[in-house]
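**Q** One structure follows; several queries about it will come next.
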Amino acid sequence: MKSASTTTLSAAPVTTTKKVASQGVLRPALVLFVGLTVLCGVIYPLAVTGIGKVAFPDQASGSLIVQNGKLIGSRLIGQEFSAPNYFWGRLSATAPMPYNAQSSGGSNFGPSNPALIDAVKGRVDALKAADPGNTLPIPVDLVTASGSGLDPEISLAAAYYQAGRIARERKLNVDTVRSLIDSLKLERSLGFLGEPRVNVMALNLALDRQHPASN
(Lines give C-alpha, C1' and ligand atoms only; values in the text may rest on other atoms or scores of the structure.)
Protein backbone atom coordinates (compact mmCIF):
# COMPACT_ATOMS: atom_id res chain seq x y z
CA MET A 1 0.00 0.00 0.00
CA LYS A 2 2.84 2.32 0.79
CA SER A 3 4.42 1.74 -2.59
CA ALA A 4 1.11 2.34 -4.43
CA SER A 5 0.52 5.54 -2.47
CA THR A 6 3.97 6.78 -3.40
CA THR A 7 3.24 6.12 -7.08
CA THR A 8 -0.06 8.02 -6.92
CA LEU A 9 1.50 11.02 -5.22
CA SER A 10 4.39 11.20 -7.70
CA ALA A 11 2.07 11.10 -10.77
CA ALA A 12 0.18 14.31 -9.95
CA PRO A 13 3.11 16.74 -10.28
CA VAL A 14 4.03 15.24 -13.67
CA THR A 15 0.51 15.89 -15.05
CA THR A 16 0.54 19.46 -13.77
CA THR A 17 3.95 20.07 -15.27
CA LYS A 18 2.74 18.88 -18.70
CA LYS A 19 -0.24 21.24 -18.57
CA VAL A 20 1.95 24.18 -17.65
CA ALA A 21 4.40 23.30 -20.43
CA SER A 22 1.59 23.06 -23.01
CA GLN A 23 0.23 26.44 -21.97
CA GLY A 24 3.72 27.90 -22.14
CA VAL A 25 4.14 26.72 -25.75
CA LEU A 26 0.61 27.52 -26.92
CA ARG A 27 0.57 31.15 -25.88
CA PRO A 28 3.76 32.21 -27.75
CA ALA A 29 2.60 30.24 -30.81
CA LEU A 30 -0.73 32.10 -30.87
CA VAL A 31 0.98 35.45 -30.38
CA LEU A 32 3.43 34.66 -33.18
CA PHE A 33 0.60 33.50 -35.46
CA VAL A 34 -1.47 36.66 -34.90
CA GLY A 35 1.60 38.89 -35.19
CA LEU A 36 2.74 37.36 -38.49
CA THR A 37 -0.82 37.46 -39.85
CA VAL A 38 -1.08 41.18 -39.14
CA LEU A 39 2.43 41.88 -40.42
CA CYS A 40 2.33 39.78 -43.60
CA GLY A 41 -1.39 39.90 -44.33
CA VAL A 42 -2.17 43.54 -43.52
CA ILE A 43 0.80 45.83 -42.91
CA TYR A 44 3.08 44.52 -45.68
CA PRO A 45 0.44 44.50 -48.47
CA LEU A 46 -0.74 47.99 -47.51
CA ALA A 47 2.84 49.29 -47.42
CA VAL A 48 3.76 47.79 -50.80
CA THR A 49 0.51 49.04 -52.36
CA GLY A 50 1.07 52.52 -50.94
CA ILE A 51 4.66 52.67 -52.20
CA GLY A 52 3.55 51.42 -55.61
CA LYS A 53 0.78 54.02 -55.83
CA VAL A 54 3.26 56.79 -55.06
CA ALA A 55 6.34 55.62 -56.97
CA PHE A 56 4.64 53.85 -59.90
CA PRO A 57 1.02 55.09 -60.04
CA ASP A 58 0.35 53.98 -63.62
CA GLN A 59 1.79 50.47 -63.25
CA ALA A 60 0.19 49.93 -59.83
CA SER A 61 -3.19 50.78 -61.31
CA GLY A 62 -2.83 48.22 -64.11
CA SER A 63 -1.34 50.43 -66.86
CA LEU A 64 -4.86 51.20 -68.02
CA ILE A 65 -5.58 53.02 -71.28
CA VAL A 66 -8.36 55.60 -71.18
CA GLN A 67 -9.56 57.37 -74.30
CA ASN A 68 -12.21 60.09 -74.26
CA GLY A 69 -13.03 59.18 -70.70
CA LYS A 70 -13.62 55.52 -71.58
CA LEU A 71 -11.50 52.59 -70.45
CA ILE A 72 -10.42 50.69 -73.57
CA GLY A 73 -7.75 48.31 -72.29
CA SER A 74 -4.39 47.90 -70.64
CA ARG A 75 -0.87 48.14 -72.01
CA LEU A 76 -0.14 44.87 -70.20
CA ILE A 77 -2.84 42.72 -71.84
CA GLY A 78 -3.20 42.11 -75.56
CA GLN A 79 -6.41 42.51 -77.51
CA GLU A 80 -7.61 40.83 -80.66
CA PHE A 81 -7.34 42.84 -83.87
CA SER A 82 -8.41 41.25 -87.14
CA ALA A 83 -9.28 44.17 -89.44
CA PRO A 84 -6.68 44.57 -92.22
CA ASN A 85 -6.09 48.26 -91.40
CA TYR A 86 -4.79 47.42 -87.91
CA PHE A 87 -1.66 45.71 -86.67
CA TRP A 88 -2.28 42.16 -85.50
CA GLY A 89 -0.82 40.82 -82.29
CA ARG A 90 0.20 37.34 -81.21
CA LEU A 91 -2.24 34.48 -81.18
CA SER A 92 -3.88 33.67 -77.86
CA ALA A 93 -4.80 30.19 -76.63
CA THR A 94 -6.81 31.33 -73.61
CA ALA A 95 -10.39 30.11 -73.14
CA PRO A 96 -13.24 30.71 -73.69
CA MET A 97 -12.05 33.71 -75.71
CA PRO A 98 -8.64 35.10 -76.74
CA TYR A 99 -6.73 37.33 -74.32
CA ASN A 100 -8.83 36.26 -71.35
CA ALA A 101 -6.92 37.58 -68.34
CA GLN A 102 -8.83 35.22 -66.02
CA SER A 103 -7.55 32.18 -67.89
CA SER A 104 -3.95 33.03 -68.70
CA GLY A 105 -1.95 30.18 -70.25
CA GLY A 106 -0.74 28.54 -73.41
CA SER A 107 -1.98 25.56 -75.39
CA ASN A 108 0.80 23.21 -74.20
CA PHE A 109 0.89 21.72 -77.71
CA GLY A 110 4.21 20.24 -78.77
CA PRO A 111 5.81 21.21 -82.10
CA SER A 112 4.55 17.99 -83.73
CA ASN A 113 0.97 18.33 -82.47
CA PRO A 114 -1.45 18.48 -85.44
CA ALA A 115 -3.58 21.11 -83.68
CA LEU A 116 -0.60 23.45 -83.34
CA ILE A 117 0.44 22.85 -86.94
CA ASP A 118 -3.08 23.60 -88.15
CA ALA A 119 -3.23 26.79 -86.07
CA VAL A 120 0.09 28.00 -87.51
CA LYS A 121 -1.01 27.17 -91.06
CA GLY A 122 -4.28 29.01 -90.50
CA ARG A 123 -2.50 32.14 -89.32
CA VAL A 124 -0.01 31.97 -92.20
CA ASP A 125 -2.89 31.70 -94.67
CA ALA A 126 -4.66 34.66 -93.04
CA LEU A 127 -1.52 36.80 -93.24
CA LYS A 128 -0.93 35.92 -96.87
CA ALA A 129 -4.57 36.49 -97.80
CA ALA A 130 -4.50 39.94 -96.19
CA ASP A 131 -1.26 40.90 -97.93
CA PRO A 132 -0.70 38.60 -100.96
CA GLY A 133 2.14 40.65 -102.40
CA ASN A 134 4.25 40.47 -99.24
CA THR A 135 7.36 38.37 -99.85
CA LEU A 136 9.00 38.96 -96.46
CA PRO A 137 9.49 35.93 -94.20
CA ILE A 138 6.69 35.69 -91.65
CA PRO A 139 8.03 36.24 -88.11
CA VAL A 140 7.32 33.35 -85.74
CA ASP A 141 5.56 35.53 -83.17
CA LEU A 142 2.80 36.28 -85.69
CA VAL A 143 1.86 32.62 -86.04
CA THR A 144 2.34 31.25 -82.52
CA ALA A 145 0.75 32.03 -79.16
CA SER A 146 2.68 33.30 -76.18
CA GLY A 147 2.97 31.27 -72.99
CA SER A 148 0.55 33.58 -71.18
CA GLY A 149 -1.86 34.12 -74.06
CA LEU A 150 -1.91 37.79 -73.05
CA ASP A 151 1.21 39.15 -74.75
CA PRO A 152 0.52 42.80 -75.70
CA GLU A 153 3.68 43.22 -77.78
CA ILE A 154 5.20 41.92 -81.00
CA SER A 155 8.74 42.00 -82.33
CA LEU A 156 9.85 44.81 -84.61
CA ALA A 157 10.10 42.25 -87.43
CA ALA A 158 6.44 41.34 -86.90
CA ALA A 159 5.44 45.00 -87.00
CA TYR A 160 7.55 45.73 -90.11
CA TYR A 161 6.05 42.71 -91.85
CA GLN A 162 2.61 44.30 -91.52
CA ALA A 163 3.68 47.82 -92.53
CA GLY A 164 2.87 47.30 -96.22
CA ARG A 165 -0.66 46.12 -95.52
CA ILE A 166 -1.32 48.98 -93.12
CA ALA A 167 0.03 51.52 -95.61
CA ARG A 168 -2.18 50.20 -98.39
CA GLU A 169 -5.32 50.03 -96.25
CA ARG A 170 -4.84 53.54 -94.84
CA LYS A 171 -3.46 55.01 -98.07
CA LEU A 172 -0.11 55.91 -96.55
CA ASN A 173 3.49 55.67 -97.62
CA VAL A 174 5.06 52.54 -96.16
CA ASP A 175 7.93 54.63 -94.78
CA THR A 176 5.38 56.62 -92.76
CA VAL A 177 4.16 53.42 -91.13
CA ARG A 178 7.68 52.22 -90.47
CA SER A 179 8.53 55.57 -88.88
CA LEU A 180 5.52 55.22 -86.60
CA ILE A 181 6.74 51.79 -85.55
CA ASP A 182 10.20 53.17 -84.82
CA SER A 183 8.76 56.03 -82.76
CA LEU A 184 6.99 53.56 -80.44
CA LYS A 185 9.80 51.01 -80.22
CA LEU A 186 10.51 49.64 -76.76
CA GLU A 187 14.15 48.84 -76.07
CA ARG A 188 15.49 45.82 -74.20
CA SER A 189 14.60 45.83 -70.52
CA LEU A 190 17.56 47.12 -68.47
CA GLY A 191 19.46 47.34 -71.74
CA PHE A 192 20.08 43.59 -72.12
CA LEU A 193 16.92 41.59 -71.30
CA GLY A 194 14.67 40.45 -74.13
CA GLU A 195 14.47 42.00 -77.59
CA PRO A 196 13.27 45.35 -78.96
CA ARG A 197 9.51 45.25 -79.42
CA VAL A 198 6.41 47.37 -79.88
CA ASN A 199 3.03 47.46 -78.12
CA VAL A 200 0.22 46.54 -80.52
CA MET A 201 -2.43 48.60 -78.75
CA ALA A 202 -0.18 51.66 -78.71
CA LEU A 203 0.50 51.21 -82.44
CA ASN A 204 -3.15 50.95 -83.36
CA LEU A 205 -4.15 53.90 -81.20
CA ALA A 206 -1.40 56.00 -82.79
CA LEU A 207 -2.63 54.94 -86.25
CA ASP A 208 -6.19 56.04 -85.51
CA ARG A 209 -4.99 59.29 -83.97
CA GLN A 210 -2.45 60.31 -86.61
CA HIS A 211 -3.73 58.54 -89.74
CA PRO A 212 -7.47 57.75 -89.39
CA ALA A 213 -8.70 55.06 -91.74
CA SER A 214 -10.82 56.43 -94.60
CA ASN A 215 -14.40 55.20 -94.64
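The values are calculated or read from the model by the stated rules, or taken from the named source; none is laboratory data. Quick caveat: nothing in here was measured; it's all calculated off a predicted structure. Note: ideal-geometry Cβ built from the backbone for every residue, glycine included; neighbour counts use all protein chains shown. Areas reflect the complete protein model, heavy atoms only, side chains present, ligands, DNA and RNA absent. Shrake-Rupley method; radii C 1.70, N 1.55, O 1.52, S 1.80 Å.
**Q** Aspartates and glutamates within cross-link reach of Lys128: Cα-Cα under 20 Å, excluding same-chain residues under 8 positions apart?
**A** Qualifying aspartates and glutamates at Cα under 20 Å: Glu80, Asp118, Asp141, Glu169.
**Q** Quick check for you: with a 1.4 Å probe and neighbouring chains kept, what is the accessible area per residue of the chain, in Å²?
**A** Details: 13840 Å² over 215 residues.
Result: 64 Å² of accessible area for each residue.
**Q** Right, another one. Please calculate the 1.4 Å probe accessible area of Lys171, with all protein chains present, and give it to the nearest 10 Å².
**A** My reading of the accessible area for Lys171 is about 150 Å².
**Q** So, one more: What relative contact order, as a whole-number percentage, does the chain give when Cα pairs under 8 Å and 6 or more residues apart are counted? Don't skip to the answer; put the middle values down first.
**A** Values: 235 pairs, mean separation 37.0, N = 215.
Reported as a whole number, the value is 17 percent.
**Q** Another question about this same structure. If only Cα atoms are counted, what is the Rg of the chain, and what is its Dmax, in Å?
**A** Values for the chain (Cα only, Rg and Dmax): 30.3, 112 Å.
**Q** What's the whole-number percent of alpha carbon pairs in the stretch 118-214 lying beyond 17 angstrom?
**A** Numbers: 2547 of 4656 pairs.
Tail of the P(r) past 17 Å holds 55 percent of the pairs.
**Q** Cβ neighbours within 10 Å, averaged per peptide: list 131-138, 205-212, 83-90 in order, most packed at the top. Show your work: numbers first, answer last.
**A** Numbers: 131-138: 11.8, 205-212: 14.2, 83-90: 20.8.
Taking the mean over residues of other Cβ atoms within 10 Å, the ranking is 83-90, 205-212, 131-138.
**Q** Let me ask something else about it. Given only helices, namely DSSP H runs of n ≥ 4 each adding -39500 (n - 2.57), what is the per-residue ellipticity at 222 nm of the chain, to the nearest 500 deg cm²/dmol?
**A** Working: 7 runs with 106 residues, N = 215.
Result for the chain, helices only: -16000 deg cm²/dmol.
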